[in-house]
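Just below is one structure, and these are the notes that go with it.
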Amino acid sequence: MNSDLARLVVVEAFRACDALRGLLQPLKEDLSEAEYRKYLLAIGSCVAQIGDSVLERVYADVPGLEESVKANIEKSGRAF
């Protein structure tokens, strides 16, 4: 995988996780605690799956990418 495509995969994986996390507050405000917990666990599972299935794979395919992403996040709060 070329580095431009790898960066795109990382950005979109982060974006998907952010979108899912963005649902938590509206869900918490609208649902009962029991209902909210079900969504919280489901969304957490999805975010973990994106990390395990997408990010770990692209990091394995592109040496040094994970370190670059971590350094950028520490520096600017963004992957790229």
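For the range 3-76, the convex hull spanned by the alpha carbon atoms encloses 86 Å³ per residue. For the range 21-32, the Karplus equation 6.51 cos²θ - 1.76 cosθ + 1.60, evaluated at θ = phi - 60°, returns couplings of 5, x, 7, 5, 5, x, 5, 4, 6, 9, 9, 5 Hz by residue, with Gly and Pro reported as x.
Using alpha carbon centroids, what distance separates the range 37-66 and the range 1-15, in Å? With the range 37-66 and the range 1-15 each reduced to a Cα centre, they are spaced 13 Å.
Projecting the Cα atoms of L5, Q49, V69 onto the charge dipole of the chain, computed from C-beta unit charges around the Cα centre, puts V69 farthest toward the positive end. Modelled spin-label separation between E56 and L20, with each label point placed 7 Å from Cα along the Cα-to-Cβ direction: 1.4 nm. Placing +1 on the Cβ of every Lys and Arg and -1 on the Cβ of every Asp and Glu, with nothing else charged, gives the chain a dipole about its Cα centre of roughly 100 debye. Computed from backbone phi, the HN-Hα couplings of the range 53-66 come to 8, 9, 5, 4, 5, 5, 5, 5, 6, 10, x, x, 5, 4 Hz, rounded to whole numbers (Karplus: 6.51 cos²θ - 1.76 cosθ + 1.60, θ = phi - 60°; Gly and Pro given as x).
The calculated FRET efficiency for the pair S76 and S45, based on their C-beta separation and a Förster distance of 25 Å, comes to about 0.30.
Read-outs throughout are calculated quantities, based only on the coordinates presented, and are distinct from any laboratory measurement. Values in this document were obtained by computation on a predicted structure and should not be read as measured data. No Cβ is skipped: glycine too gets one built from the backbone with ideal geometry, and neighbour counts run over all protein chains shown.
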